[in-house]
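First up is the structure itself, then whatever we jot down about it.
Bear in mind that the values in this text are calculations on the coordinates, not laboratory data. Computed from a predicted structure; not experimentally measured. Cβ atoms come from the backbone with ideal geometry, glycine included; neighbour counts cover every protein chain shown.
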Amino acid sequence: MVTSQLLLPKDSQAEATSTLRCIQFAPESAIACCGVEMTYQQGEQQIQVLKGIDLAIQEGNVQLLMGPSGSGKTTLLSILAGLLTPSKGRVYLLGQEITRMSRRQLTRFRLHNIGFIFQGFNLFPALTAVENVELALKMKGMSGGPKRSKEAEILLEKVGLANKRHSHPRDLSGGQQQRVAIARALAGKPRLIMADEPTAALDSHSGHLVIELLRSLAKEEGVTVVMVTHDPRIQDVADQITYLEDGILMREPQWVMENS
């Protein structure tokens, strides 16, 4: 059951206290961001996209980031995934502060710990389903062609597409392509999955299959899943829902809920 509370406006002292508590709880969380802000320069104007975000996500949870377009959801997901560096604040993944890592360290950390799922699937059209997954395994350091091929087939079987392993993306439905993308994201057994609108391009049936697959990964294998979504169907499988509006977190951080 998802529970949350509305945030009251923070004064500077309350905000500092929240961030300090975030840092205290960060080592116990799969993902935590503390006092995160993101500002872009647009001409002579500074645009603040995220404002003082404190958030903790426990291992094996499904976390949704929701809110209107332009609220900062995708920016926050990119920061949690280590694809963007915040203007201010700290980000912890699996107990490590990634905001202190060098670019090389961060690239290596992402490669071995995070799987990505995109709205547009991002499959290589010239490769078959199994070859798309094999390529991800190769990038993550798995040697030996036969070994990679066998592991790729196991992953495709996990997402229910063993019989489509030799099909190209053009011969697959949208739902099937997204399941190939999930198999690819699982290459190397990442502990974190970051998904940007994974069901947006899918019909109701395909969307349901993807939702159930992500939920089972979290509950049966302990994978932590973070999703940006507008899809109300996903709320039923979420452990925690974070709403953003104008770059502000509209629900209390998880450690506040658990200790209130």
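Taking square-rooted eigenvalues a ≥ b ≥ c of the alpha carbon gyration tensor, is region 12-258 rounded, prolate or oblate, where a/c under 1.5 means rounded and, failing that, a/b exceeding b/c means prolate?
Verdict is prolate for region 12-258.
Would you kindly state how much longer the chain becomes between His208 and Gln235 on full extension, computed as 0.36 nm times their sequence separation minus their alpha carbon distance, in nm to one decimal?
Net length gain for the segment: 8.5 nm.
Number of Lys-Lys pairs in the chain under 16 Å by Cα, sequence gap 8 or more or different chains?
Lysine pairs meeting both conditions in the chain amount to 15.
Which far-off residues, 5 or more places away or on another chain, put their amide H under 5 Å from the one on Ser167, with H placed in the peptide plane?
Ala129, Val130
Suppose R0 equals 35 Å; then what is the FRET efficiency for Ser149 and Ala200 from their Cβ-Cβ distance, rounded to the nearest 0.05?
0.65
Label point 7 Å out from Gln41 along Cα-to-Cβ: which residues of region 52-90 have amide N under 17 Å?
Under 17 Å, as judged by backbone N against the label point of Gln41, lie 85-88 of region 52-90.
Using the number of other C-beta atoms within 10 angstrom as an exposure proxy, rank Ser167, Ser102 with the fewest first.
On the way: Ser167 16, Ser102 8.
The order, fewest Cβ neighbours first, is Ser102, Ser167.
Helix 174-185: angle to the longest alpha-carbon principal axis of the chain, degrees 0 to 90, nearest 10?
Result, in degrees: 80.
What is the dipole size for region 147-222, taken about its Cα centre, with +1 at each Lys and Arg Cβ and -1 at each Asp and Glu Cβ, in debye to the nearest 20?
Computed about the Cα centre, the dipole is about 380 debye.
Local charge sum around Leu137 (other residues, Cβ-Cβ under 15 Å, Lys/Arg +1, Asp/Glu -1)? List each step's numbers first, then the result.
Working: positive: Lys138, Lys140, Lys147, Arg148, Lys150, Lys158, Arg165, Arg184, Lys189; negative: Glu131, Glu134, Glu151, Glu153, Glu157.
Value of the local net charge: +4.
Sorted from fewest to most neighbouring beta carbons within 10 Å, what does the list Val36, Val228 look like?
In order of increasing Cβ crowding within 10 Å: Val228, Val36.
Starting from the 7 Å offset along Cα-to-Cβ, what nm value, one decimal, do you get for the label separation of Leu83 and Ile23?
2.9 nm
Please give the net charge around Ile23, taking every other residue with its beta carbon less than 11 angstrom from that of Ile23, where Lys and Arg add +1 and Asp and Glu add -1.
Values: positive: Arg21, Arg90; negative: Asp54, Glu97.
Residues near Ile23 contribute 0 overall.
For Pro146, what is the net charge nearby, where nearby means another residue's Cβ is under 12 Å from its Cβ and Lys, Arg count +1, Asp, Glu -1? Before the final figure, lay out each step's value.
Details: positive: Lys147, Arg148, Lys150; negative: Glu134, Glu151, Glu153.
So the environment of Pro146 carries a net charge of 0.
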